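Read-outs: derived from the displayed coordinates by stated rules, not from any lab. Quick caveat: nothing in here was measured; it's all calculated off a predicted structure. Cβ placement follows ideal geometry from the backbone for every residue including glycine, while neighbour counts extend to all protein chains displayed.
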Amino acid sequence: MTVTFTQKKRLAYYEGYISIFINLVLFLFKFLVGRKVNSVAMVADAWHTLSDCLTSVIVVVGFWMASRPADSRHAFGHGRSESIASIIIGTLLAVVGFSFLYESIVKIIQGQGMGFSQLAVIVFTVSAVMKEGLAQFAFWTARKTGAGSLRADGWHHRSDAVASVLIVAGVLFSQRLWWLDGVLGIGVSLLILHVSYDIVRSSASYLMGEAPSEEKVDQVHSRVRQEFPQLEGIHHVHVHHYGDHHEVTAHLTVPGTMTVDEAHDIASRIEEIVKQEFNGDATVHVEPEKDED
């Protein structure tokens, strides 16, 4: 069953709003408990949770922007706005990661530890369970919609769940290993930086124009050879992504003796094939086969 863009947007909004609410609540509890027990790792993880909230905001805003129609300045719509916002958030997230990395190193150098807190164990255990639940929900919506932003949001939730588990371990063993809080703070900071790098890298790659997968191009070649065995096939397949809208261009080589009408009919059919494979509007350029003689 094909999911319409309206249905995709509704699922994305649903996932985004639930994630924003839960992450805000978890951030407040984590931040207050972390300050109370003087734990850099806990406070860092709290900000990591808040970054998940911001990521979910991007999901909502991205789908809202993508739903706006094309205009005179944006002929292919506004589907790339989500990636621009993702790069901004990823950069800010990197600043937070470096800040807590510095604080964690200073804490180890100065020999500062943290005390045991039963409340901290409860809060971060509940957080780990809830964040993994959010991750599973985000992955489910990503499978239903095919949206990469929802999949990224799911991994963001999962990384926070892992970080919460590490925090619980730090609290339980803090009495014997005073340096564990600082070490775990470094670990959480590196996790934040890794997520930041992944967000910026994937979004930048998307904006610069990722090439279609070789598997997808091979499928197109196979379909063309199957319907038109007399042709060499197509080449120079380029796919331009604009959110839910794709623009596909390709070159088709035909015999020089073929009439314009014949070449046009074949090109139109191949445009349909390319459109089916890449889910976008296709344009096929026809060129004559070179005579080796």
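Here the gap between H251 and V61, fully extended at 0.36 nm per residue and compared with their Cα-Cα distance, gives a gain of 64.8 nm. The label point for H238 and the one for E287, both projected 7 Å from the Cα toward the Cβ, are 1.2 nm apart. Relative contact order for the stretch 144-293: 16 percent, from Cα pairs under 8 Å spaced at least 6 residues apart, divided by residue count. Among residues other than I186 with Cβ under 11 Å from its Cβ, the summed charge is -1 (Lys and Arg +1, Asp and Glu -1). Just so you know, the Cα atoms of the chain work out to an Rg and Dmax of 25.2, 85 Å. Averaging the Cα positions of each part gives two centres, and for the stretch 264-291 and the stretch 18-49 these lie 53 Å apart.
What is the magnitude of the charge dipole of the stretch 5-208 about its Cα centre, with +1 placed on the Cβ of each Lys and Arg, -1 on the Cβ of each Asp and Glu, and no other charges, expressed in debye to the nearest 20? With Lys and Arg at +1 and Asp and Glu at -1, about 380 debye.
Computed from point charges on the beta carbon alone (+1 for Lys and Arg, -1 for Asp and Glu), the dipole magnitude for the stretch 214-288 about its Cα centre is near 100 Debye. Most tightly packed first, judged by the mean number of other beta-carbon atoms within 10 Å of their residues, the peptides 215-226, 88-99 read 88-99, 215-226.
To the nearest ten degrees, helix 180-208 and the longest principal axis of the Cα atoms of the chain are 20 degrees apart. For the chain, what does the relative contact order come out to in percent, with C-alpha contacts under 8 Å and a separation of six or more? Value for the chain: 19 percent. Which entries of K8/K131; K8/K30; K131/K216 show an alpha-carbon separation above 26 angstrom in the structure shown? From the list (K8/K131; K8/K30; K131/K216), the Cα-Cα distance tops 26 Å for K8/K30; K131/K216.
Given R0 = 30 Å, the distance between the Cβ atoms of Y13 and S222 translates into a calculated FRET efficiency of 0.20. Each of P229, I88, I273 was scored by the projection of its Cα onto the charge dipole of the chain, and the greatest displacement toward the positive side belongs to I88; charges sit on the C-beta of Lys, Arg, Asp and Glu. Between V162 and A70, what is the FRET efficiency for a Förster distance of 51 Å, r being their Cβ-Cβ separation, to the nearest 0.05? Once rounded, the FRET efficiency stands at 0.80. Qualifying trypsin sites (Lys or Arg not before Pro) in the stretch 104-199, where qualification requires a DSSP coil assignment and no more than 16 other C-beta atoms within 10 Å, comprise R176.
Would you be so kind as to identify which of Y206, T125, W140 lies farthest towards the positive end of the dipole of the chain, taking Lys and Arg as +1 and Asp and Glu as -1 on Cβ and the Cα centre as origin? Selected residue: T125. For A282, list long-range residues whose amide hydrogen, built 1.01 Å from N in the peptide plane, is under 5 Å from its own amide hydrogen. For A282, the qualifying residues are V248. Each peptide in 208-214, 249-255 receives the mean, over its residues, of other Cβ atoms within 10 Å, and ordering these scores from highest gives 249-255, 208-214. Quote the FRET efficiency, to the nearest 0.05, computed for K36 versus W179 with a Förster distance R0 of 22 Å and r equal to the Cβ-Cβ distance. Approximately 0.60, to the nearest 0.05. Each label point was placed 7 Å from the Cα along the Cα-to-Cβ direction; for E210 and D265 their separation is 3.9 nm.
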